[in-house]
1. Taking helices (runs of 4 or more DSSP H) that do not extend beyond the stretch 9-100, which have at least 3 residues that are among the β-branched types (Val, Ile, Thr)?
2. Restricting the search to the stretch 11-28, which residues are within 10 Å of the chain's Cα centre (by Cα) and either open to solvent by less than 10 Å² (accessible area, probe 1.4 Å) or among the β-branched types (Val, Ile, Thr) (or both)?
3. Could you grab me the full set of residues in the stretch 42-63 that are open to solvent by less than 50 Å² (accessible area, probe 1.4 Å) and either among the hydroxyl-bearing types (Ser, Thr, Tyr) or within 14 Å of Cys10 (Cα to Cα) (or both)?
4. Taking the stretch 64-100 on its own, how many of its residues are within 21 Å of Asp34 (Cβ to Cβ), open to solvent by less than 90 Å² (accessible area, probe 1.4 Å), at pLDDT below 85 and not aliphatic (A, V, I, L, M)?
Amino acid sequence: MSVCEDMLLCNYRKCRVKLSGYAWVTACSHIFCDQHGSGEFSRSPAVCPACNSALSGKLDIVRTELSPSEEHKAMVLAGLRPETVLDISSRRATVLYFVA
């Protein structure tokens, strides 16, 4: 299990399970287990169950693998400038670790 998986809990109020495998991440910086994310975000209009924010944008909800392969990690950032990679990693990782 990765460090990321050890620290992240589902933000669904009645769940709070440690996340592993796949998770759902929202633009409002909440993260949900695959079970609750699949259920909650299949409804329209999508609303964050943690803060009630409307999630209407194409990338407002993303299902992601918490422990991607080395090949996936290498390709996801391919072609991006180092400044862009640093900006992305410093902004979003910090927010996800401290979300209640």
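1. Details: elements: 34-40, 70-76, 82-97.
By residue number, 82-97.
2. Selection gives Ala23, Val25, Thr26.
3. The answer is Cys48, Pro49, Ala50, Ser53.
4. So the count comes out to 1.
A quick yes/no check of all residues on (1) of a type in the set (Val, Ile, Thr); (2) more than 23 Å from Arg91 (Cα to Cα):
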| site | (1), (2) |
| --- | --- |
| Ala23 | no, no |
| Thr26 | yes, no |
| Cys33 | no, no |
| Pro45 | no, yes |
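The values are calculated or read from the model by the stated rules, or taken from the named source; none is laboratory data. This one's a predicted model, so the numbers in the text were calculated from it and none came from an experiment. Ideal geometry is used to build each Cβ from the backbone, glycine not excepted, and the neighbour counts take in all protein chains shown. When the accessible area is computed, the model is the full protein with side chains, heavy atoms only, and any ligands, DNA or RNA have been set aside. Shrake-Rupley method; radii C 1.70, N 1.55, O 1.52, S 1.80 Å.
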